[in-house]
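Here, each number is a calculation from the coordinates, and none is a lab measurement. Just so we're clear, the structure is a prediction, and the values are computed from it rather than from any experiment. Don't worry about glycine lacking a Cβ; one is built from the backbone with ideal geometry, like all the others, and counts go over all protein chains shown.
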Amino acid sequence: MVLVFVGFNHLTHNMEHETKNKILNQLGLSKNEADVYQALLELGEAGVGEISKTAKVHRRNVYDVLNRLLEKGFVFIVLSKKENRYQAVNPNKLSEFIDEQKNALNSIMPDLQKIQQEKTKTEEIMIYRGPAGWKRYIRDVIRIGQDVYTIGAKAAWTDERLKNTVELYNRESADKKIKMHILYCHGTDLEKIKQFNPHEFRFLPANYSTDSSVDIFGDYTVIVSNAKMGKISDDALFTVIINPQISDAFKVWFKLMWKLCAGKNYDC
């Protein structure tokens, strides 16, 4: 029974070691580098021979591994008269290492995004569906960060299921200074309209309300079908068209409608 227990503990230790190795691999360490680093954590301070034995890495390879770990800042040298000894940095330093990588990535992110956008197709069509599709569409609005022009809105934002996303939009749109210019369908509840982020709005004439609406922002034109007053139905479809010529055309038509619907009472 004792032998079985000892064997089980050894197996558990090996499994934990491999789990840590996998995580260290994600930080950019090779298998040997992760083995040597963990060995140094166990030994505290050690020479090459001790490290080789504990890490189960050939002595000749340990020298190369230690040099790479020194360059990465994972270990440091403890000077000694007989031989150089090594010690692992405090594991807390690994978090700092991740932060440094993140900051480095953030510093070049704008350039990477610019390259990606230049190579991305300028024309694309996608279809979203239901409340989940509406939330995805709002994330597009936030990401693009430009003013939104809407024709035939029905205050669907007041749907209780969308509350969290509306709150997110209100925060992000304030930060990014996104403005909404909305032509509501005739008869839309004014009190509901005033429940969310302030924006410019007017009303379409009574005879020009439909079960669809159009949103335009950036190069996006989003045509919403099966639109319901004050809610997003489960069968609502969002046809997303990414095309600068189409979105520019709709913005021009919006300006005409906006001008025709001017009035003190926000109605034609």
> Using 0.36 nm per residue, how much length does the chain from Asn90 to Lys53 gain when fully extended, once their Cα-Cα distance is taken away?
Replying inline: 11.1 nm
> Listed here are the pairs Lys20/Lys53; Lys135/Lys194; Lys163/Lys255; which of them are more than 22 Å apart at the Cα?
Replying inline: Lys163/Lys255
>> Placing +1 on the Cβ of each Lys and Arg and -1 on the Cβ of each Asp and Glu in the chain, which of Tyr184, Gly133, Tyr149 has its Cα farthest towards the positive end of the resulting dipole?
In response: Tyr149
> Taking only C-alpha pairs under 8 Å that are 6+ residues apart, what is the relative contact order of the chain in percent?
Replying inline: 16 percent
> Is the stretch 122-260 best put as rounded, prolate or oblate by its Cα gyration tensor, with a ≥ b ≥ c the root eigenvalues, rounded for a/c under 1.5, and otherwise prolate when a/b is larger than b/c, oblate when not?
Replying inline: rounded
>> Just checking my list (i) 1.28; (ii) 0.98; (iii) 1.01 against Rg/Rh (Cα atoms, Kirkwood Rh) computed from this structure; which label fits?
In response: (i)
> Do the sum for the chain: with -39,500 (n - 2.57) for every DSSP H run of n ≥ 4, divided by all residues, what is the mean residue ellipticity at 222 nm, to the nearest 500 deg cm²/dmol?
Replying inline: -17000 deg cm²/dmol
>> Suppose the chain between Arg171 and Phe76 were pulled fully straight at 0.36 nm per residue; how much longer would it get relative to their current alpha carbon spacing?
In response: 29.6 nm
